Amino acid sequence: MERPNILLSTSLGAEKNYIDAFEQHGFSPFACYLPNDTGFDALVLCGGGDIDPSFYGEENLGSYPPDIDRDRAELLLFEKYFSLGKPIFGICRGCQLINVALGGKLIQHLPTYSFHKSGCDADLVHIVENQKDSVFYLLYGDSMIVNSAHHQACSVLGDGLRAIQRHSDNTVEAIAADRILALQWHPERMTCGFSDPKYSDPNKIFEVFKNMIN
């Protein structure tokens, strides 16, 4: 099987973990800040800062200073890949971007913030519950253990999206639609040099994305 060529849309200087993880799992990734290229097999929208609330019709009620250029570029990039029917994978901010692009809204600052993001650089670790009709349920059963480093999450879901994973406080932890999979957590920080037996096996997630492409 050929290695799928995937485009990673990343923050400035934050591409290494994503490149390492996707290369290890059989992809040929190209990372870029503000990309505008539809010639890849699939798109990965990576983590980063908050999306400007104006893109989902709200005032700033707890969002950190946005990167408007990145917001605009990724919303346009999503629209192009989506219209072409190419697979799209979202990670953390990427999950939120997909939701906004399809007309959804975000919780700008989770009331249960301390369950999802630590006060330092280290990720939290917590259990998430898999919906019974989801790919996660088939792979992992009722629940799995993931990392967590976010203070926002999807609230109103965008057109065609469904929540396939939640935290016990009802925070959406993963969403999906046809040829779309998006996680609120960071699989790239559960593999390679970040591997840890406390996590559920992240390798299966990369295989799911690869199967979406092939």
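The values are calculated or read from the model by the stated rules, or taken from the named source; none is laboratory data. This structure is a prediction, so every number in the text was calculated from the model and none was measured. Please note: Cβ atoms are built from the backbone with ideal geometry, for glycine as well, and neighbour counts cover all protein chains shown. Quick note on the areas: whole protein, heavy atoms, side chains included, nothing else; ligands and nucleic acids left out. Shrake-Rupley method; radii C 1.70, N 1.55, O 1.52, S 1.80 Å.
Just one of (1) of a type in the set (D, E, K, R); (2) more than 22 Å from residue 211 (Cα to Cα); (3) surrounded by fewer than 19 Cβ atoms within 10 Å (Cβ to Cβ) fails for residue 50. It is (3). So in the range 143-156, with the set limited to residues that are surrounded by fewer than 18 Cβ atoms within 10 Å (Cβ to Cβ) and touching a strand residue (DSSP E or B) at 6+ places or on another chain (Cβ under 6 Å), which one is farthest from residue 23 (Cα to Cα)? Among them, the one singled out is 155. Could you list, in sequence order, the residues of the range 108-127 that are open to solvent by 20 Å² or more (accessible area, probe 1.4 Å) and either under 23 Å from residue 9 (Cβ atoms) or in a helix (DSSP H, G or I) (or both)? Hits for the range 108-127 are 113, 114, 115, 117, 121, 123. The set of residues from the range 12-32 being in contact (Cβ under 8 Å) with a residue 40 or more places away in the chain, out of contact with any helix residue (DSSP H, G or I) (no Cβ under 6 Å at 6 or more places or on another chain) and buried (at least 16 other Cβ atoms within 10 Å of the Cβ) comprises 22, 27.
Conditions (1) under 19 Å from residue 102 (Cβ atoms); (2) modelled with pLDDT of 95 or more; (3) not aliphatic (A, V, I, L, M), marked per residue:
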| site | (1), (2), (3) |
| --- | --- |
| 25 | no, yes, yes |
| 34 | no, yes, no |
| 42 | yes, yes, no |
| 49 | no, yes, yes |
| 54 | yes, yes, yes |
| 62 | no, no, yes |
| 70 | yes, yes, yes |
| 73 | yes, yes, no |
| 79 | yes, yes, yes |
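Is one or more of the residues making up the range 167-174 touching a Leu at 6+ places or on another chain (Cβ under 7 Å) and either of a type in the set (S, T, N, Q) or not in a strand (DSSP E or B) (or both)? Looking for residues that are touching a Leu at 6+ places or on another chain (Cβ under 7 Å) and either of a type in the set (S, T, N, Q) or not in a strand (DSSP E or B) (or both), one finds at least one in the range 167-174, hence yes. When residue 89 is tested against (1) out of contact with any Leu (no Cβ under 6 Å at 6 or more places or on another chain); (2) closer than 27 Å to residue 72 by Cβ; (3) of a type outside the set (Gly, Ala, Ser); (4) open to solvent by less than 20 Å² (accessible area, probe 1.4 Å), only condition (1) is not met. Against the condition aliphatic (A, V, I, L, M), touching an Asp or Glu at 6+ places or on another chain (Cβ under 8 Å), free of Cβ contacts under 8 Å to residues at least 60 places away in the same chain and buried (at least 20 other Cβ atoms within 10 Å of the Cβ), how does residue 190 come out, does it pass? Yes: the conditions hold for residue 190.
With respect to (1) buried (at least 20 other Cβ atoms within 10 Å of the Cβ); (2) within 28 Å of residue 214 (Cα to Cα), the lone exception for residue 159 is condition (1). Filtering the range 58-81 for residues that are in contact (Cβ under 8 Å) with a residue 60 or more places away in the chain, in a loop (DSSP other than H, G, I, E, B) and touching a Lys or Arg at 6+ places or on another chain (Cβ under 8 Å) leaves an empty set. The one condition from (1) among the small types (Gly, Ala, Ser); (2) more than 26 Å from residue 66 (Cβ to Cβ); (3) open to solvent by less than 60 Å² (accessible area, probe 1.4 Å) that residue 176 does not meet is (2).
Within this structure, residue 200 passes the test of being open to solvent by less than 60 Å² (accessible area, probe 1.4 Å), on the phi < 0 side of the Ramachandran plot and in contact (Cβ under 8 Å) with a residue 60 or more places away in the chain.
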